[in-house]
Amino acid sequence: MTRKVTKAVFPVAGLGTRFLPATKSVPKEIMTLVDRPLIQYAIDEARAAGITEFIFVTSRGKGALEDYFDSAPELENALRTKGKTQLLETLEDTNMDSGAIAYIRQHKPMGLGHAVWCARRMIGNEPFAVMLPDDVIAADKPCLAQMIEAHQEIGGSMVAAMRVPEEKTSSYGILDIENETVGGLAKVRGMVEKPSVGNAPSNLAVIGRYILTPDVLNNLHEAKEGAGGEIQLTDAIAREIDEGRPVHGFQFEGQRFDCGSKAGFLQATVSFALARPDLQEEFYDYLNDIVPLAQAAE
Ligand code: UTP
């Protein structure tokens, strides 16, 4: 039986340039969908999948992220004194157990692959998850839990995949698959990073959830020594395939929002607000009012 995945790496050392000027001082992962930071959605998903060790790869200027996971005694006391128990619970849900969370620095933004490699000593010799908090996934069963369940059966490395329209394939890493199997699993025989239009081997795109074997860290180590510039995680996973180790694409059930882009972030904001019982009605009425006006103005 495959070893259970209990560690997750959160690479959050990127510059977040698409959200400048906000990201000049606010880490992208602290930006909120309604009232919860992106990172909270990722942590909740990881916890629901049985992750107990959370490894953050951070960089300069990400102090707010570390503070976010600390307890806030003054705030908690103030809420307790005022009898605001519900808010207190909301706050307490964000606290992490002592020692469950670790931070490691990526000194230069040398790419996602390099960020994961920076966490190698904390990962050790066991399979681990990688979660990009930019990708927020709304699902009945959290995406990583779906993946870990499938991984228990099949082992190896696994990437989350979703179908994208033909014309969007050039924005993603695209999977070349052998055949599709039951339960959304497909054996991967190759991966192409951002193929030019018309050259994609499929329309199955890789998104920000991975379960990787420690072998991938060795591949990243060699990439680190060999190449300058950005070090891609997909290259290290593709090398697994070349060396004959199994890599699967897993088509999860759920809706993914690309919160690393402005359009995706806004779509997620609207969807999550509409799903909130306390906001639903008022927000829906507002949208109903403004959409016809916006259409008329076109
Ligand atoms: P992105 O490609 O979205 O880059 O990284 P970015 O810097 O976050 O944002 P833009 O494109 O400048 O707006 C995908 C994920 O990989 C992490 C990012 O923090 C994000 O979670 N990453 C990227 C690193 O941790 N280190 C890197 O060197 C690059």
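Structure notes:
- Given (1) open to solvent by 40 Å² or more (accessible area, probe 1.4 Å); (2) within 14 Å of the ligand (Cβ to nearest atom); (3) of a type in the set (Val, Ile, Thr), number of the condition Val197 does not satisfy: (2)
- Scanning the range 155-170 for residues that are within 22 Å of the chain's Cα centre (by Cα) and either open to solvent by 70 Å² or more (accessible area, probe 1.4 Å) or hydrophobic (A, V, I, L, M, F, W, C) (or both) turns up Met158, Val159, Ala160, Ala161, Met162, Arg163, Val164, Lys168.
- Pairs with Cβ under 7 Å, 6+ apart, first in the range 82-109 and within 16 Å of the ligand (Cβ to nearest atom), second of a type in the set (Val, Ile, Thr) and not in a helix (DSSP H, G or I): Ala102/Ile55; Tyr103/Thr58; Ile104/Ile55; Ile104/Val57; Arg105/Thr58; Gln106/Val57
- Exactly one residue out of Ile207, Ile174 is at pLDDT 90 or above and touching a Pro at 6+ places or on another chain (Cβ under 6 Å), and it is Ile174.
- Restricting the range 4-50 to residues that are among the charged types (D, E, K, R) and assigned to a helix (DSSP H, G or I), the residue that is nearest to the ligand (Cβ to nearest atom): Arg18
- Within the range 65-89, being closer than 19 Å to Ile30 by Cα and not in a helix (DSSP H, G or I) holds for Phe69, Asp70, Ser71, Ala72.
- Matching residues in the range 127-160 - criterion: being touching a residue at least 40 places away in the same chain (Cβ under 8 Å), acidic (Asp, Glu) and either assigned to a helix (DSSP H, G or I) or within 16 Å of the ligand (Cβ to nearest atom) (or both): Asp134, Asp135, Glu153
- Filter result for the condition that a residue is surrounded by fewer than 18 Cβ atoms within 10 Å (Cβ to Cβ), within 20 Å of the chain's Cα centre (by Cα), more than 16 Å from Ala160 (Cβ to Cβ) and not hydrophobic (A, V, I, L, M, F, W, C), over Thr94, Thr58, Thr90, Thr81: Thr94
- Checking His107 against (1) in a helix (DSSP H, G or I); (2) open to solvent by 20 Å² or more (accessible area, probe 1.4 Å), the condition it does not meet: (1)
- Pair list, Cβ under 7 Å, 6 or more apart: the range 161-173 residue at positive phi, other residue open to solvent by 40 Å² or more (accessible area, probe 1.4 Å) and part of a helix (DSSP H, G or I): none
The values are calculated or read from the model by the stated rules, or taken from the named source; none is laboratory data. Quantities reported herein were computed from a predicted structural model and do not represent experimental measurements. As a convention, Cβ positions derive from the backbone with ideal geometry for all residues, glycine included, and neighbour counts pool all protein chains shown. Note: areas computed on protein heavy atoms with side chains; ligands, DNA, RNA excluded. Shrake-Rupley method; radii C 1.70, N 1.55, O 1.52, S 1.80 Å.
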